[in-house]
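The values are calculated or read from the model by the stated rules, or taken from the named source; none is laboratory data. Everything quoted here is computed from the prediction, not taken from an experiment. Glycine gets a Cβ as well: all are built from the backbone with ideal geometry, and neighbour counts include every protein chain shown. All accessible areas refer to the heavy atoms of the entire protein, side chains included, with ligands and DNA or RNA removed. Shrake-Rupley method; radii C 1.70, N 1.55, O 1.52, S 1.80 Å.
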Amino acid sequence: MTGCLKARGTIHRDFTISKIDNRLYSAFIEHMGRAIYNGIYEPGHPTANEHGFRKDVLELVRGLDIPAIRYPGGNFVSAYKWEDGIGPQEDRPVRLDLAWRSKETNQVGINEFANWSKEAGIDMMLAVNLGTRGIEEARNFVEYCNHPSGTYWSDLRRSHGVADPYGVKMWCLGNEMDGPWQIGHMEAKEYGRLADETSKAVKAFGNGIETVVCGSSNDQMPTYPDWERQVLEECYENVDYISLHKYFGNSSHDTLNYFAKIEETGRYIQSIGSVIDYVKAKKRAKNDIYICFDEWNVWYHNREEDNKNWNSWDWPEAPALLEEDYNLEDAIFVGGLLNEFIRRSDRVKIACIAQLVNVIAPIRTQTGGAAWATTIYYPYQFASLYGRGTALNVSVDGPRYNAKSEQDVNYLDVAAVLASDGKSITVFAINRSLNEPMEMNLSLLGFGHLKLIDHQIMGGDYLQARVANTFAEPNRIKPRKGSKLAVVDQAILGELPAFSYSVVRLSVE
Ligand code: AHR
């Protein structure tokens, strides 16, 4: 028996959460699987440009308007020698990538990647290897990338055909150093010391460089959240961000519980916010540290299969790894997670979808063939395009449910953003109920006259929850125009279908 849920909410122009840092919509790409090779880079592909990058993939990437991209890893970075990827391509060594048990040809290195990022209109956010290497390689890498000329590393870059320095502002101090799987894994204090000294060296190059220190690999790690406390106690004054990572899944096919994991993520952010505040107070520090959620996504469809494979296979080149066929349910989940980042934008300044192409990605490719958008491409695109400006506080009064792992969860998941020019508002609204539509009455006060610009919707039928965009059928799940919401006086009124994600854009006149 199904009915209709009713929810009310209020937004007021004066009640804001924070100005949103555009980098909330960043991405991550690693030398892993077919992310780089046969993902963004495929010299033999019919659409490849003169540098070997696929233009069809570039076009999909540009559609996301990504502000920054974290590179080259991930676990890969912890045994990576960045110098292997510079100079003439034919002279570069082939190495074994210990993280993903693959062969790394080094045909793409920093200069090729910088070229691609420029074409895509994305700033680079580079990670240094603090697993097998340390301060020396990090400072050399920064000098190669950022110093104009007249030194060994900057002149080497120039001899490689890159006259102007890249001026990379964001540097990540290793990757998931708390994880026993990480090559060069460390204890918290040991890593905190190394991160502190490396950050000082990296920042010595000036020009507003910012650094990201590794937090826990996820909130289920046995050392979480004491890892963060210990690390920050060593380096608080010399870093700008602490990283958070979290991957999600719904192997038990319990959709309401899946959606409730967004609440769990909110607590994760809040806890690390508290650790930051604690260490700041303890150290009598003057600076603020923010959160860089630099790996997040859905990762579960093929996880077991992948683990089996890469533990046993014989060092293949660009193997298909973590290639997830995302479904409608995953798209709604991703929309909700992005809502949470908007609601927490006072703490979370940078977030990176992990990853961008083929490997747990919004964009997939077939080697030699087509490129397509997975279902999660769309909520990520909507948030990136319309989620910039100021996050508005939304108070919601509506029905709730108890999930297996979480009590008292709102069926209505909503976030709202006032555009930087103050001329439009975007409301991202999810009805998490699997079978009941929701009558929504959302007041928007203090804005003056409002007009509906557009309403885009995904979902609306739980029977389609597991339908995915695949190579054979790349367009099954796409946003469409919604018709059941209207703006009346100062409110959005109408129906959110069951199991749906909506993006409602209003002009402020
Ligand atoms: O994104 C895939 C992997 O997940 C990354 O290499 C690592 O940082 C994380 O564990």
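Some points to look at:
- Gyration tensor verdict on the stretch 280-340 (Cα atoms; rounded if a/c is under 1.5, prolate if a/b is larger than b/c, oblate otherwise): oblate
- Over all other residues within a Cβ to Cβ distance under 15 Å of Ser149, the charged ones net out to -1, with Lys and Arg as +1 and Asp and Glu as -1.
- Between Gln107 and Tyr300, full extension at 0.36 nm per residue minus the direct alpha carbon distance yields a gain of 66.5 nm.
- Surface share of carbon and sulfur [accessible, 1.4 angstrom probe, percent] for the chain: 47
- The alpha-carbon positions of the stretch 411-504 define a convex hull whose volume is 105 Å³ per residue.
- Accessible area per residue in Å² at 1.4 Å probe, computed on the stretch 1-91: 40
- Among residues other than Ser507 with Cβ under 12 Å from its Cβ, the summed charge is 0 (Lys and Arg +1, Asp and Glu -1).
- Ligands, DNA and RNA are left out, and with a 1.4 angstrom probe the accessible area of the stretch 352-509 is 37 Å² per residue.
- 5 angstrom amide H check on Cys352, placed H, neighbours 5+ away: Phe293, Asp294, Glu295, Trp296
- Estimated [θ] at 222 nm from DSSP helical runs (n ≥ 4, -39500 (n - 2.57)) normalised by residues in the chain, nearest 500: -8000 deg cm²/dmol
- Neighbour net charge for Gly167 - beta-carbon separation under 13 angstrom, K R +1, D E -1: -1
- Using a simple spin-label model with pseudo-atoms 7 Å out from Cα toward Cβ, Tyr152 and Arg476 lie 5.6 nm apart.
- Relative contact order for the stretch 24-179, counting Cα pairs under 8 Å that sit 6 or more residues apart, in percent: 22
- Derived scalar couplings between HN and Hα for the stretch 46-54 equal x, 9, 5, 7, 5, 9, x, 8, 6 Hz in order, rounded to whole Hz, by the Karplus curve 6.51 cos²θ - 1.76 cosθ + 1.60 (θ = phi - 60°), x for Gly and Pro.
- Rg and Dmax of the stretch 345-465, Cα atoms only, in Å: 17.2, 54
- In this rough spin-label picture, where each label sits 7 Å from Cα along the Cβ direction, the Arg8-Ala48 distance is 6.2 nm.
- Of the complete DSSP H runs in the chain, those spanning 18 angstrom or more by Cα along the long axis with a mean Kyte-Doolittle score not below 0.5 are 328-343.
- Inter-label distance, Gln464 to Ala163: 5.3 nm, where each label sits 7 Å from its Cα along the C-beta direction.
- Net length available on complete extension from Lys55 to Glu119 is 22.1 nm, with 0.36 nm assigned per residue and the Cα-Cα distance removed.
- Rolling a 1.4 Å probe across the protein heavy atoms gives the stretch 115-249 an accessible surface of 37 Å² per residue.
- Fraction of the pair-distance distribution of the stretch 205-247 above 17 Å, Cα-Cα pairs, percent: 35
- The calculated FRET efficiency for Asn393 paired with Gln89, based on their beta-carbon distance and R0 = 45 Å, is about 0.30.
- Across the stretch 452-509, C-alpha contacts under 8 Å between residues 6 or more apart give a mean separation that, scaled by the residue count, equals a relative contact order of 53 percent.
- Note: relative contact order over the chain, using C-alpha pairs below 8 Å and six or more positions apart, is 20 percent.
- Globularity index of the chain, i.e. its alpha-carbon radius of gyration over 2.2 N^0.38 Å: 0.97
- Alpha-carbon centroid distance for the pair the stretch 382-409 / the stretch 56-126, whole angstrom: 35
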